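Chemist: Sharing a structure below in structure tokens format, with a few things to ask.
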Amino acid sequence: MKEFKHFINGKYVGSAGGKTFENRNPVDNSVIGIVHEGGREEVDAAVAAARAALKGPWGKLTQAERIELLNKVADRINERFDEFLEAECLDTGKPRKMAAHIDIPRGAANFKAFSETLANHPTEGFRLDTPDGKGALNVGHRTPKGVVAVVAPWNLPLLLMTWKVGPALACGNTVVVKPSEETPATTTLLGEVMNECGVPPGVFNVVHGFGPNSAGAFLTEHKDIDAITFTGETRTGEIIMKAAAVGLRNISMECGGKNPAIVFADCDLEKAVEGTMRSAFVNCGQVCLGTERVYVERPLFDAFLKRMKEEVAKLKPGRPEDPEANFGPLISLEHRDKVLSYYKLAEEEGATVEIGGGIPDMGEALQDGAWIEPTIWTGLPDEARVIREEIFGPCCHIRPFDSEEEVIALANDTRYGLAAAIWTENSSRAVRVAEQMEAGLVWVNSWFLRDLRTAFGGAKQSGIGREGGVHGLEFYTELKNICIKL
Ligand code: NAD
């Protein structure tokens with residue numbers, strides 16, 4: 001039985017009140033361990049440690065020294081790759097080969113990519129003419145924001161947490177992380193790595209717990225937090241924005257999506273099928289960038305639907321370590337209830353269930369896990385709730401369209417604006433349509449192909465601000481102008 005403690009000021013500590021909760025494995029609902037639930041006391045201690053480190057040893061390091069430490073952190077995660085992999089797969093149930101390919105290597109890379117980008121980014125300088133003819137120099141100077149609260153989700157736990165912690169630390173901030181209650185393991189393990197690499201105590205802190213009336217709320221409401229970076233549901237983002245309003249704290253929000261894929265008849269069918277299979281079903285559909293609405297130009301509709309159904313039928317659910325398995329469970333039974341409620345709603349709203357729609361028979365050993373069938377629907381009206389609300393499960397609706405104008409309007413007819421995928425071999429059309437997508441990220445003939453130097457974030461209710469590359473500088477630093485009269 002594992003025990004997940006908070007990591008505060010370089011030490012693992014339990015909750016003062018002794019409050020804990022269970023961490024369960026979604027593969028079979030077995031108990032992995034107990035997690036300490038942080039209250040105000042632990043949040044206070046973590047924020048105080050982060051503040052002290054900012055003023056103390058961390059704040060005194062040069063940028064080069066900081067970057068050297070963060071590079072060591074990345075290397076050490078890779079050295080302990082198997083432990084991170086094991087921990088991530090236990091918490092999420094995702095196929096080991098997926099986590100080995102994406103979650104852990106990208107989780108480590110986040111500590112290197114940003115430090116290099118930020119180190120090579122210049123600040124601005126202007127020479128100003130003055131009436132005495134001698135002039136003045138303006139020099140931009142960036143300082144860390146301060147103590148940053150990082151509130152993370154469960155779908156890509158290490159990757160999405162370090163996506164924020166990497167640039168935050170590279171810019172000289174200190175952090176208090178609240179991982180999702182569903183996935184405490186890799187964030188806890190990262191504390192050991194920080195100590196092994198000589199990152200000063202208090203720079204990286206972790207407090208476990210839930211959202212409302214628990215560690216999440218106590219952290220985001222804390223008056224000594226300077227900025228909050230959040231990834232999760234739009235509804236939670238709204239609550240955190242209200243908390244951030246007190247004291248006018250800066251926020252960065254990466255929230256939900258209801259992302260479209262547009263498949264034109266002139267696409268490479270096999271590429272489009274392969275890409276849409278990934279965008280709809282990878283990680284059991286629990287990817288914010290995932291596709292839940294697919295629009296296919298009418299001449300290709302039947303062929304595309306047929307190929308998708310053939311591929312879905314080939315998905316093989318199984319334990320993370322099963323080399324044949326390429327499809328894991330949902331994160332929890334509670335989340336499965338939510339997804340299943342949409343499966344039921346789809347039928348009530350008039351969908352044709354093309355494939356899936358229920359719970360698979362996984363045999364006795366796995367029958368208590370959060371398994372669910374990958375599902376494709378057709379025939380829903382555009383105003384159906386299943387078309388408008390984020391489900392965050394392995395499902396998509398496929399609908400025919402007749403013109404470019406029509407499909408652009410359909411794709412944009414959503415309160416979300418995170419990502420879109422366009423499948424066509426006509427590059428003029430690809431650019432024309434991409435430019436009209438109301439989304440922060442558009443992929444053409446690909447999906448989730450990420451260059452860490454580029455901007456990442458959502459439009460409309462999918463988020464506020466951009467992270468990634470130098471864009472994170474705006475959030476993670478304070479830009480000061482120093483004006484020097486000559
Ligand atoms: P969630 O909003 O339920 O929880 C996210 C985090 O917020 C958790 O750590 C949770 O404990 C905490 N939290 C919940 N209520 C809180 C409160 N009142 N105050 C402070 N903290 C609180 O989201 P989730 O279910 O963990 O993740 C799935 C959601 O995340 C989906 O909507 C998905 O689209 C979104 N997501 C977005 C991105 C992106 O980059 N845009 C990436 C991944 C996931």
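Chemist: For the chain, give the magnitude of the charge dipole about the Cα centre (Cβ charges: +1 Lys/Arg, -1 Asp/Glu; no others), in debye to the nearest 20. List each step's numbers first, then the result.
Modeler: Working: 54 positive and 69 negative charges, 367 e Å.
Roughly 1760 debye, rounded to the nearest 20.
Chemist: Of the options T375, G472, Q286, report the single residue whose Cα projects farthest towards the positive end of the charge dipole of the chain (beta-carbon charges: Lys, Arg +1; Asp, Glu -1).
Modeler: In the chain, that residue is G472.
Chemist: Any chance you could give the angle, 0 to 90 degrees and rounded to 10, that helix 298-314 forms with the longest Cα principal axis of the chain?
Modeler: 80
Chemist: Using only the alpha-carbon atoms, how far is helix 234-245 inclined from the longest principal axis of the chain? Give it as 0 to 90 degrees, nearest 10.
Modeler: Helix 234-245 and the main axis of the chain meet at about 20 degrees.
Chemist: Right, another one. Which Cα, out of M98, A46, L61, lies furthest along the positive dipole direction of segment 33-99 (beta carbon charges, K/R +1, D/E -1)?
Modeler: After comparing all options, I get L61.
Chemist: Pairing the Cα long axis of helix 427-436 with the longest principal axis of the chain, what angle in degrees results, from 0 to 90 and rounded to the nearest 10?
Modeler: 70
Chemist: Continuing with this model, one more query. Need the C-alpha centroid separation for segment 95-160 versus segment 1-40, integer Å.
Modeler: Distance between centres, Cα-based: 31 Å.
Chemist: For the chain, what does the helix formula give at 222 nm: sum of -39500 (n - 2.57) over DSSP H segments with n ≥ 4, over the residue count, nearest 500 deg cm²/dmol?
Modeler: Values: 16 runs with 184 residues, N = 486.
Per the formula, -11500 deg cm²/dmol.
Chemist: Per residue of segment 256-265, in order, report the coupling 6.51 cos²θ - 1.76 cosθ + 1.60 (Karplus, θ = phi - 60°) as ³J(HN,Hα) in whole Hz, putting x for Gly and Pro.
Modeler: x, x, 9, 7, x, 10, 10, 10, 7, 5
Chemist: I've got another one for you. For the chain, give the percent of accessible area contributed by carbon and sulfur heavy atoms, probe 1.4 Å, rounded to a whole number.
Modeler: On the chain, the fraction of accessible area on carbon and sulfur atoms equals 53 percent.
Chemist: Expressed in whole Å with the largest first, what are the equivalent ellipsoid semi-axes of the chain derived from the C-alpha gyration tensor as the square root of 5 times each eigenvalue? Don't jump to the answer; show the numbers that get you there.
Modeler: Details: eigenvalues 298, 177, 72 Å².
After scaling each eigenvalue by five and taking roots: 39, 30, 19 Å.
Chemist: Report the longest stretch of the chain that contains none of the trypsin sites (Lys or Arg not before Pro) sitting in a DSSP loop with at most 16 other Cβ atoms within 10 Å.
Modeler: Working: sites that count: K19, K134, K223, R415, R450, R453.
Formally, the longest exposed-site-free interval is 224-414.
Chemist: Now a separate question. To the nearest 20 debye, what is the magnitude of the charge dipole of segment 260-444 about its Cα centre, counting +1 on the Cβ of each Lys and Arg and -1 on the Cβ of each Asp and Glu? Intermediate values should be presented prior to the final figure.
Modeler: On the way: 19 positive and 34 negative charges, 36 e Å.
Value, rounded to 20: 180 debye.
Chemist: Sticking with this one: I want to check a number: in segment 121-236, how many lysine pairs have alpha carbons closer than 25 Å, given a sequence separation of 8 or more or different chains?
Modeler: Values: K145/K164; K145/K178; K145/K223; K164/K178; K164/K223; K178/K223.
Total qualifying Lys-Lys pairs in segment 121-236 comes to 6.
Chemist: For the chain, what is the accessible area per residue in Å² when the probe is 1.4 Å? Don't jump to the answer; show the numbers that get you there.
Modeler: Numbers: 19640 Å² over 486 residues.
I get 40 Å² per residue for the chain.
Chemist: For T123 paired with F210, estimate the spin-label separation in nm (one decimal), with each label point 7 Å from Cα along the Cα-to-Cβ line.
Modeler: For the pair T123/F210, the computed spacing is 4.4 nm.
Chemist: Right, something else. Quick one: check the C-alpha center-to-center distance for segment 356-419 versus segment 231-290, whole angstrom.
Modeler: 13
Chemist: Can you tell me the Rg and Dmax of segment 260-444, counting just the alpha carbons, in angstroms?
Modeler: In order Rg, Dmax, the Cα atoms of segment 260-444 give 16.1, 53 Å.
The values are calculated or read from the model by the stated rules, or taken from the named source; none is laboratory data. Nothing here was measured: the structure is a model prediction, and the numbers come from that model. Cβ coordinates were reconstructed from backbone atoms using ideal geometry, including for glycine residues, and neighbour counts include every protein chain displayed. Accessible surface is based on the protein model in full, side chains and every heavy atom, while ligands, DNA and RNA are left aside. Shrake-Rupley method; radii C 1.70, N 1.55, O 1.52, S 1.80 Å.
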